[in-house]
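For reference, the structure is listed below as structure tokens.
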Amino acid sequence: MKAVLFDLDGTLLPMDMEIFLREYLQKLGVKAAAYGYDPAKMVEVVMAGVEAMIQNDGSMTNEERFWQLFLSRIGGEKEAHYKLFEEFYTNEFRTLARIVQPTPLAREAVRILGDKGYTTVLATNPLFPSMAILERMSWAGLHPHDFALITTFENSRFTKPHLGYFQGILEAIGAAPQDCLMVGNDLVEDLPAVELGMEFFLVTDDLINPQGADYSQFPHGTREDLVSYLAKLPDRK
């Protein structure tokens, strides 16, 4: 094994995704209203943009796909709308930190791998711009220099669970799937990495398993168990 891919939300950063999304959209609507947009329409279009990114065929980045949809519904030029989102992610978005429950185990897991010489990737679903992902990373006590790659909507052409998302990571870090471990809490979004040949560790603290899939064949456990698992990996230095 040479590289470890970490999901963020629910894996390195404990959170209730349902509560987070509800608060996120509510605050976005309020910000949109302050800028003169119809808040309900803004939320509707942003969610349609998310769906457009999920359906992305790889012909453009997720960022390009989002703005293509957004401008087709709202009109105007990207530059005219960008300030709203920039200010939102710089200000209001940061207040959502009160919803999450950061743990020092996240930092410990990443530190262990760095000390052992592994390549680490923050393989968070690239539905957000980099400024929003870097902000959520900071809530978890993580820093950009901790990772060789951070997937964002600017640098990705697919989203989870599309295999193209994981293939894009492999190409970016120059690794074969059998040399990688995917660490995640979502059996729908993270487990498909196994189809390419990656190893998998399931974090069960904030488990997402809507179909009730059997995961007994995979290494799994709490974040404390994950830290112990990573500590036993061989040193690559």
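Expressed in nm to one decimal, what extension gain is obtained for the pair Ser228 and Arg107 from 0.36 nm per residue of sequence separation less their Cα-Cα distance?
Values: separation 121, 0.36 × 121 = 43.56 nm, distance 1.34 nm.
Taking 0.36 nm per residue and subtracting the Cα distance, the gain is 42.2 nm.
In Å and on Cα atoms, what radius of gyration and Dmax does the range 18-97 show?
Using the Cα atoms of the range 18-97, the pair Rg, Dmax is 12.6, 35 Å.
How large are Rg and Dmax for the chain when calculated on the C-alpha trace, in angstrom?
Every Cα atom of the chain included, Rg and Dmax give 18.0, 56 Å.
Nearest 10 degrees, 0 to 90: what angle lies between the long axis of helix 163-173 and the longest principal axis of the chain (Cα atoms)?
Helix 163-173 sits roughly 70 degrees off the main axis of the chain.
What residue among Gln178, Gln211, Gln167 has the largest mean-square fluctuation in a Gaussian network model of the chain, using Cα springs under 10 Å?
Comparing Gln178, Gln211, Gln167 in a Gaussian network model of the chain, the most mobile one is Gln211.
What do you get for the angle between helix 62-74 and the principal long axis of the chain? Use alpha-carbon atoms, 0 to 90 degrees, nearest ten.
Approximately 20 degrees, to the nearest 10.
Quick check: residue separation of Asn209 and Lys237 times 0.36 nm, minus the Cα distance between them. What number comes out in nm? Kindly include the intermediate steps, with their values, before the conclusion.
On the way: separation 28, 0.36 × 28 = 10.08 nm, distance 3.61 nm.
Extra length from Asn209 to Lys237 when fully extended: 6.5 nm.
In the range 1-90, which GluC sites (Glu not before Pro) are in a loop and have at most 14 other Cβ atoms within 10 Å, using DSSP for the loop call? If you can, show how the numbers build up before the last one.
Working: sites: Glu18, Glu23, Glu44, Glu51, Glu63, Glu64, Glu77, Glu79, Glu86, Glu87; in loops: Glu77.
Qualifying residues, ordered by number: Glu77.
All of the numbers you see were taken from the coordinates with simple rules; none came from a lab. Please read these numbers as outputs of a predicted model, since none were measured by experiment. Note that we place each Cβ from the backbone using ideal geometry, even for glycine, and neighbour counts take in every protein chain shown.
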